[in-house]
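Read through the structure below, which is laid out as structure tokens, and then see the notes.
Throughout, read-outs are computed from the coordinates displayed, never taken from laboratory work. The shown structure was predicted, so the numbers you read here are calculated from the model rather than taken from an experiment. Glycine also receives a Cβ, built like all others from the backbone with ideal geometry; neighbour counts cover every protein chain displayed.
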Amino acid sequence: MVLGLKDKASKVADLAQRRGFYWPSWEIYGGVAGFYDLGPLGKELKNKIMELWKKIMIHPLQRIVVEIETPMITPYKVLEASGHVENFTDPVVECKSCGRKFRADHLIEEVTGLKVEGLKPEDLTKIIKENNIRCPVCGGELGEVKPFLLLFQTQIGPYEGDRGFIRPETAQGAFVNFKRVYQLMREKLPFGIAQIGRVGRNEISPRQGLLRLREFTIAEIEFFIDPLNPGRPPLDYNAKIRLLPWELAKGGQKEPVEVTVKEALEKGWIMNEWMAYWMLKAKELLNLLGVSDEDQYFEEKSPEERAHYSSQTYDQLVKTERYGWMEVSGHAYRGDYDLRRHIQYSGKDLYAFRKFKEPKRVRVKVVRWNAKELGMRYKSKAKEIIEELKRKDPEVIERELYDKGYVEVAGERIEKGIVWIEEREDVITGEKFIPHVVEPSFGVERLLYVALEHALKEKDGRLILSIPKYLAPIQAVVFPLLEEEALINKAKEVWQMLLEEGLRVEYDEKGSIGRRYARYDEIGVPVAVTIDFQSLEDDTVTVRDRDTWEQIRVNINELPEVIRKIISMKK
RNA sequence: GCGGCGGUCGUCUAGCCUGGACUAGGAUGCCGGCCUUCCAAGCCGGUGAUCCCGGGUUCAAAUCCCGGCCGCCGCACCA
């Protein structure tokens, strides 16, 4: 293998395919861009990564962060409410001569100054024709405006009207369940709904292997807070964080700055303490996946780049060799956007309730009326009159009655005495409000790739997957030094014993010992146990470290504990 | 989607320009055997390639032409 000649991404892709981490889906039919299969090792590693994610994101706040699961197939109405049906489609127009594509609405606004947001593609096409707008690059003629919907569409059941989509994020499943989980959390904020699940986005041009997929796994938390009383996260204010806030970026700054969390909050670079908390957690997670601080930072998205629901978004970027800085997580302050929209579209009560410290006593003016009198005088019109009285501001009615002696509703003059204003004192114990949402969201396959790329090392022309030891899919391997019956028997005994200890262990007797070390270094097995002739005499074996290649000799009955210690996260 | 480059055993690659002896060669991996007392050792044997797919040109196509698919790089969108 000519290792030196290839870049790291190729080496990762090569290793992934050769040793069974991942490969393109539907390969024997030529493959389909944007879809990848996970092989045996890839699947195990991904499981480990998801476990780790839960350990970092959920476990420390387990009393207030809970995991749920909701369907991938999502009804039209839900994604209409979320704004995705509207916002996940771009009107695109193509130049007939050079083939370049443009956002049709942006192009028109630039050239004509007309506000055309929300217009239909046909109208946009018309405007382009009427104003003779041409390709801004080559001057060629432009074609029809077409919407490009990034959502995968399907149909639910046999009825064509029941349109469904594959969810582009798991978040909506959390929002629609807000009330139920709120009640399960005994109506206390803040709390978080975590979800790990597959999503689909019909990317125009997926590329870059595992990094841009049409179907992938998202791990996200919708963290609900009371904006007036967000609570305090267990936050280390002195922790350092690398940031490129928009405030600096728009002034031309390219490099992130390192600041304490305290500074970032004081300067308003991070708008909320919970945002800061999840960002720090994200940094910790990437550290544990083998990405150092220098190889990651957070970049704030400009207002134009942000998703339709967000008022602040930071992307967590990780350095990759070929693809440069790659987003592995997004941290969005979604405000009350999603719940507000779902309240609107579903008509359901998705409010939280905020109790006042002291019940408030307020004097309120209420409109009262003599229903019997109204009924007798206005007959069937009485109902309409009462409805209008209910809607009208009591202050206004009071003024009208005072000024004119009557109030005019539904075209009738209702005189003082039939309608009057009463003042009464109400005791208000609290108020309804829509919680705000802080959302950390991770692309799991990207984490997988990044972990692999950062783990891949070379030593003496050999590939070593120096993945953090607690992440290794296979934890240990047992070798007889030579293919001799006595050694083989002993080795199999040891292997069996380790299996019974619950460890994930392989056994291999084929090839020279060096070749076997190399085989398992390449897939990141942290511990190689070798049974040699001395083992037969004194029940000791050699334990070799994947990264240093150093060996120690341990007694067989200490072996499980030795291995456990090596692959443990606690150091 | 456009432009550029590419696609040959699991992997890396020779051959392609200049069509024919290519029954597609090598290396590595993998399997079996011999050997071997700790880092991809050696020897022998074996396995393994619809030459990305479809069509066309030709007596003859891995090779030339067209279309598609996939990949990489650049442009636009994103976790």
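Along the Cα-to-C-beta direction of residue A:86, a point sits 7 Å from the Cα; which residues of segment A:334-374 have their amide N less than 19 Å from that point? Within reach of a label on residue A:86: A:334-348. Among A:62-70, A:193-201, sorting by the average number of other beta carbon atoms lying within 10 angstrom of each residue, highest first, gives A:193-201, A:62-70.
For segment A:174-302, the relative contact order comes to 20 percent (Cα pairs under 8 Å, sequence separation of at least 6). Among residues other than residue A:312 with Cβ under 10 Å from its Cβ, the summed charge is +2 (Lys and Arg +1, Asp and Glu -1).
Relative contact order of chain A: 12 percent, from C-alpha pairs under 8 Å at least 6 residues apart in sequence. Near residue A:427: Cβ cut-off under 9 Å, other residues only, Lys/Arg at +1 and Asp/Glu at -1. The net charge is 0. Dipole orientation for chain A: of the candidates A:213, A:24, A:79, A:79 has the Cα lying most toward the positive pole (charges on Cβ; Lys, Arg +1; Asp, Glu -1). Karplus-based coupling profile of segment A:252-257, in residue order and whole Hz: x, 5, 10, 9, x, 10, with θ = phi - 60° in 6.51 cos²θ - 1.76 cosθ + 1.60 and x standing for Gly or Pro. When both segment A:448-517 and segment A:240-291 are represented by their alpha-carbon centers, they are found 39 Å apart. Relative contact order of segment A:150-237: 29 percent, from C-alpha pairs under 8 Å at least 6 residues apart in sequence.
Ranked by the mean number of other Cβ atoms within 10 Å of their residues, highest first, the peptides A:208-219, A:491-502, A:78-89 fall in the order A:208-219, A:78-89, A:491-502.
The C-alpha atoms of chain A define a longest principal axis, and helix A:121-130 lies at about 80 degrees to it.
Per-peptide packing, taken as the mean over residues of other Cβ atoms within 10 Å, places A:29-35, A:414-420, A:250-256, A:19-25 in the sequence A:19-25, A:414-420, A:29-35, A:250-256 from highest down.
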